[in-house]
Amino acid sequence: MAKKKSKSKEPAVFGGDKAVTESLPRWPWVTDEEIEEVHQALVESREDWTQICTAGPGGRAGQLEERFADYIGVSHAIATAGGGPSLHMACMSALQMGDEVITSPYSWGQTVSCILQAGGVPIFADIHPETLTLDPAGIEEKITEHTKAIVVVHIGGIPADMDAIMEIAGRHGLMVIADCAQAHGSLYKGKQVGSFAHYGCFSIGSGKNLAAGDGGVLVTDDRELYERALLAGMHPMRTRNQIQTPELQERIDSLIYTYRINALTAALALRMMDRLDELNGWRRRNVAALAEELDGVPGIRPQRLPDHLDPAWHIAYWTFVPEEVEGASRAQYLKALQAEGVPMGGSYVGTPIHMRRTFQRKEFQFGKGYPWAANPRNDEIAYAEGDCPVAEKRCREGDITMYGGSCWKDVSKVTNQIGKAFRKVTAQIGRLKDIEA
């Protein structure tokens, strides 16, 4: 009589038992202390309107700004309605209609939509194959007389090469705006990202490392830039109080974007900052533990980052190595792992931004060909496959991602189960080609 095959050794995608049985924590999770902070703000609002309204300066929103600026190591911060509003305010401070902006095609689309919304024309440079951030080697060749800014993205929390980018920007008189939406607590040469660029733009949305629902923070070390950002998105009650530059004072009006933060979001974020570094420590530890656990497993390898980059890992990136899996695709490989309960997915970016419909047709909400129509080089500007080959290949076949750097407290049991899942799947690599992907 034939011996029955153990279901624990059979890959789950073929009917076996899942290897990962440990439940992963929900994110975000809110502590009693954070709930009490919001409750207390509501109680205090009976006597202090700044605890429920952020049209003017002060209240817990003001405290959040002071604390966040101190955390990043800059002079000024503006609490906003989201990471997108922060980035849009920065772009409005830097750009006029038709100005060119060099940026990455490898990001969440809102990074680039904020450039368009401010009237800028995105010009895409490729990413570095290991850091996945803008490769300085490809930036300079994209600069023209119409270039006004560089928007750099610390994707997944991985710091870009800020020394090289700031040096290029300095030689050409360009403003640098950093999309730090996924990079709270990430360090470049021991300093917080967001402190290097002219503007740093953070999100505190529900999926981020600092997850207070919906909100953002813009930071800068330059007083004039701070006032220009205030003018773009804050209520006149605040701008009249805080803008000191005469030429900007003359422009104060209610003709603004309503980009101020919700007061209760500010209260929640203020208290959440108490544990930001602790949770980022978990993320760093967990990604390192997983990299050790998966060392030598066929089909996957971790990023190889230089020592001076210290990500806080909003998203942990891995590289799919197809030549190690006997012809199986990334989709088949991932489907087998996901069936085991491994919390990994494919490309976060999906289609590289320069290959999307908006850029292939040069059509945006403004209509009539704007913002491209305002650029003297409009007819020369085109977006094509092959423009950014590293980003295109990553999206097409290279990316394997894990959200949140997996922010669980007890790491050993989870990483052991994930390692078991990988070993179970890769022990039968030849069968992966049979999976309907």
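The values are calculated or read from the model by the stated rules, or taken from the named source; none is laboratory data. The structure displayed is predicted, hence computed values, not measured ones. Every residue, glycine among them, receives a Cβ derived from its backbone with ideal geometry; neighbour counts consider all protein chains shown. Heads up: the accessible areas ignore ligands, DNA and RNA and are worked out on the full protein's heavy atoms, side chains in. Shrake-Rupley method; radii C 1.70, N 1.55, O 1.52, S 1.80 Å.
Got at least one residue in region 120-133 being under 24 Å from GLU363 (Cβ atoms), touching a His at 6+ places or on another chain (Cβ under 6 Å) and in contact (Cβ under 8 Å) with a residue 12 or more places away in the chain? Within region 120-133, one or more residues are under 24 Å from GLU363 (Cβ atoms), touching a His at 6+ places or on another chain (Cβ under 6 Å) and in contact (Cβ under 8 Å) with a residue 12 or more places away in the chain. With respect to (1) surrounded by fewer than 16 Cβ atoms within 10 Å (Cβ to Cβ); (2) at pLDDT below 95; (3) in a helix (DSSP H, G or I), the lone exception for ALA437 is condition (3). Is at least one residue of region 313-322 touching a residue at least 12 places away in the same chain (Cβ under 8 Å), within 23 Å of ASP126 (Cα to Cα) and among the hydroxyl-bearing types (Ser, Thr, Tyr)? Scanning region 313-322, I find at least one residue that is touching a residue at least 12 places away in the same chain (Cβ under 8 Å), within 23 Å of ASP126 (Cα to Cα) and among the hydroxyl-bearing types (Ser, Thr, Tyr), so the answer is yes.
Against the definition (among the charged types (D, E, K, R) and under 27 Å from ASP126 (Cβ atoms)), how does ASP99 come out, yes or no? Considered against the rule, which asks whether it is among the charged types (D, E, K, R) and under 27 Å from ASP126 (Cβ atoms), ASP99 comes out as yes. Criterion applied to SER113, SER107 was being buried (at least 24 other Cβ atoms within 10 Å of the Cβ), within 17 Å of the chain's Cα centre (by Cα) and of a type in the set (Gly, Ala, Ser), and the one residue passing it is SER107. May I ask you to list pairs of residues, at least six apart or on different chains, whose Cβ atoms are under 7 Å apart, with the first in region 377-394 being among the β-branched types (Val, Ile, Thr) and the second being open to solvent by less than 40 Å² (accessible area, probe 1.4 Å) and not in a helix (DSSP H, G or I)? Partner pairs satisfying both residue conditions: ILE381/VAL121; ILE381/ASN375; VAL390/ASP126; VAL390/ILE127. As a summary of the residue check, PHE366 satisfies the conditions (1) among the aromatic types (Phe, Trp, Tyr); (2) in contact with a strand residue (DSSP E or B) (Cβ under 9 Å, 6 or more places away or on another chain); (3) not in a helix (DSSP H, G or I) except for the one numbered (2). Considering (1) over 18 Å from LYS191 (Cβ atoms); (2) in a loop (DSSP other than H, G, I, E, B); (3) open to solvent by 10 Å² or more (accessible area, probe 1.4 Å), the lone condition that LEU132 does not fulfil carries the number (3). Candidates in region 135-148 are the residues that are open to solvent by 40 Å² or more (accessible area, probe 1.4 Å) and not in a loop (DSSP other than H, G, I, E, B); of these, the one that is nearest to PRO352 (Cα to Cα) is LYS142. A Cβ distance below 7 Å, combined with a sequence gap of six or more or placement on separate chains, defines the contacts here; from region 182-210, residues that are touching a residue at least 24 places away in the same chain (Cβ under 8 Å) reach residues that are assigned to a strand (DSSP E or B) and surrounded by fewer than 24 Cβ atoms within 10 Å (Cβ to Cβ) in the pairs GLN182/ILE315; SER186/ASP310; LEU187/ASP310; TYR188/LEU309; PHE196/TYR188; ALA197/VAL176; HIS198/MET175; HIS198/VAL176. The residues of region 6-25 that are open to solvent by 60 Å² or more (accessible area, probe 1.4 Å) and among the small types (Gly, Ala, Ser) amount to a single one, SER23.
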